[in-house]
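The values are calculated or read from the model by the stated rules, or taken from the named source; none is laboratory data. Everything quoted here is computed from the prediction, not taken from an experiment. Note: ideal-geometry Cβ built from the backbone for every residue, glycine included; neighbour counts use all protein chains shown.
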Amino acid sequence: MHFSKLITVIPILASLSAAAALQSPVTPLGGKNSEVPGENPLKFCSDPSKDLIKIEKVDLVPNPPLPGQTLSISAAGTVKKPILEGSHIQLSVKYGYIKLINQDLDLCENVHEVGLECPIAPGDLLLQKEVDLPKAIPPGKYTVTATVYNQDDEEVTCLTGEVVFTPGNFKPVLKFDLK
């Protein structure tokens, strides 16, 4: 099963939020304040007022993402403290209860995906990215958690989100005619 394009979206979202996995369980905050502003399925994992970036808005079009379509991502935020080499993303992707990805990614090796490079200076950021999602995404619930840390292991931000791909949106790569 090839998830690379689907999974590419998540480091991009994490990069967007940071510059805008050995994951322990993270429970999103309850209530409306935990939602990331904009048109997206994202929530903050913890109180965003303590984050080293203020995420003002993340928009996904279409929302929710659909197999075989281009996902347009735009984000706006303000970096409060420089993000330098050594910053990283802890990434967890689950399909239902099955953990597909659990890895630590070097942030500075991935921010080029959104047109940035390290160091990321404090200040306002406006980012845009388009990702072509594969047509063959198995139906089910995908849960993604991305926690971004700076070079001093201070949490920059933590985002989590769920996307459900329904059977009607699943387009198999191979078709068999049983006649």
How many of the residues making up segment 142-167 are in contact with a Cys (Cβ under 8 Å, 6 or more places away or on another chain) and of a type in the set (Gly, Ala, Ser)?
1
The one condition in (1) touching a strand residue (DSSP E or B) at 6+ places or on another chain (Cβ under 9 Å); (2) surrounded by fewer than 18 Cβ atoms within 10 Å (Cβ to Cβ) that Asp51 fails to fulfil
(2)
Need pairs with beta-carbon distance below 6 Å; first residue closer than 18 Å to Glu155 by Cβ and within segment 39-66, second of a type outside the set (A, V, I, L, M, F, W, C) and part of a loop (DSSP other than H, G, I, E, B); sequence gap 6+ or separate chains.
Lys43/Pro28; Cys45/Pro28; Leu52/Lys80; Leu52/Lys81; Val58/Gly38; Val58/Asn40
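Please go through segment 113-160 and give me each residue that is assigned to a strand (DSSP E or B), of a type in the set (A, V, I, L, M) and surrounded by fewer than 16 Cβ atoms within 10 Å (Cβ to Cβ), ordered by number. So that I can check it myself, show each step before the final result.
Restricting attention to segment 113-160, the residues satisfying the condition of being assigned to a strand (DSSP E or B) are 120, 123-132, 140-149, 155-160.
Subset that is of a type in the set (A, V, I, L, M): 120, 125-127, 131, 144, 146, 148, 156, 159.
Residue satisfying the conditions is Leu126 alone.
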The condition from (1) at pLDDT 90 or above; (2) farther than 18 Å from Leu42 by Cβ that Thr166 misses is numbered (1)
